[in-house]
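One structure is given here, and the rest of the page talks about it.
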Amino acid sequence: MDASAIEMRAPVVLDVDVSDDTFSVTLSDGRALSVPCRWYPRLVHATATERDGWTIIDGGTGIHWEDIDEDISLAGLLAGTPSLESQESLRRWLALRA
């Protein structure tokens, strides 16, 4: 088989699991990635029901949580980039939840 005949596809998210401590994704290429939830403060402050309310978006390149208004990209996960939300934005969001 010619190496050029192998079609390379970028991985996409197939499944998501969020515990109290860890955010994990299963990818189409067989990898599983896990990062601490503390990288994403909205996940830390979400209820278990809210954390379970995820949807895969953009053909598997992102994950969205409607109830907590959180979006996490696969590219960011692969790069090891935690949330870039400002402390002020997080404070406003927490105040709305109170």
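The values are calculated or read from the model by the stated rules, or taken from the named source; none is laboratory data. Since the model is a prediction, treat every value here as computed from it, not as a measurement. Quick reminder, even Gly has a Cβ in these numbers, built from the backbone with ideal geometry, and neighbours come from all protein chains shown. For accessibility, only protein heavy atoms count, side chains too; no ligands or nucleic acids. Shrake-Rupley method; radii C 1.70, N 1.55, O 1.52, S 1.80 Å.
Name the helices (runs of 4 or more DSSP H) wholly inside the range 21-98 in which the number of residues that are modelled with pLDDT of 95 or more and closer than 25 Å to residue 11 by Cα is 1 or more.
41-45, 48-51, 74-79
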Going through the range 52-69 in order, the residues found to be in contact (Cβ under 8 Å) with a residue 24 or more places away in the chain and open to solvent by 20 Å² or more (accessible area, probe 1.4 Å) are 52, 54, 56, 59, 61, 69
Given the conditions (1) in contact with a strand residue (DSSP E or B) (Cβ under 8 Å, 6 or more places away or on another chain); (2) free of Cβ contacts under 8 Å to residues at least 24 places away in the same chain, every one holds for residue 79 apart from (1)
Across the range 79-97, the tally of residues that are open to solvent by 80 Å² or more (accessible area, probe 1.4 Å) and not charged (D, E, K, R) stands at 3
